[in-house]
Amino acid sequence: MNSLKEYIKGTGWAKLIAVMSIVGGALSIPIGILAIIAGIKLWSAANNLENYKNTEKEEDLKEALKNLSDYFTWIGWMNVVSLAILALVLIAILVLMIVGIGIISSMSGLE
């Protein structure tokens, strides 16, 4: 039977995505803080998985799973906030269009 550590792959990719999340978060406002925290959690999970692969300590695996769970929670919140911001932007555009049409029609006497 294969040991669990043989199934741990992709920690390099996880770290790349973690760095990209942290850098992207630093460049994005207001969801940037959420992205930074998510990136840190993913980085920690990758480190924990590497530690488990080397030591086979169950605590490292538990911590990795906790960090992955936290990562997905933060990514979920980041998506919720992003969708809320998108909705607000779309509403603002719609309001501006309606106001603009109203101004144009009143200026041209098309009431």
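Below is a table of values for the structure above.
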{"item": "Two-decimal ratio, the chain, of alpha-carbon radius of gyration to 2.2 N^0.38 Å", "result": "1.73"}
{"item": "Order of Thr11, Thr55 - criterion: other Cβ atoms within 10 Å of each residue's Cβ, fewest first", "result": "Thr55, Thr11"}
{"item": "Anisotropy class of segment 69-111 from Cα gyration tensor, a/c 1.5 cut", "result": "prolate"}
{"item": "Over the chain: helical MRE at 222 nm, DSSP H runs n ≥ 4 each giving -39500 (n - 2.57), nearest 500", "result": "-29500 deg cm²/dmol"}
{"item": "Karplus (6.51, -1.76, 1.60) ³J(HN,Hα), θ = phi - 60°, over segment 15-25, in Hz, Gly and Pro reported as x", "result": "5, 4, 5, 4, 5, 5, 5, 5, 5, x, x"}
{"item": "Rounded to the nearest 20 debye, dipole of the chain from Cβ charges on Lys, Arg, Asp, Glu", "result": "160 debye"}
{"item": "Within a Gaussian network of the chain (alpha carbon springs, distance under 10 Å), most fluctuating of Ile75, Ile101, Ile33", "result": "Ile101"}
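Read the figures in this text as sums done on the coordinates, not as results from a lab. Keep in mind that this is a model prediction, so the values were computed, not measured. Note that we place each Cβ from the backbone using ideal geometry, even for glycine, and neighbour counts take in every protein chain shown.
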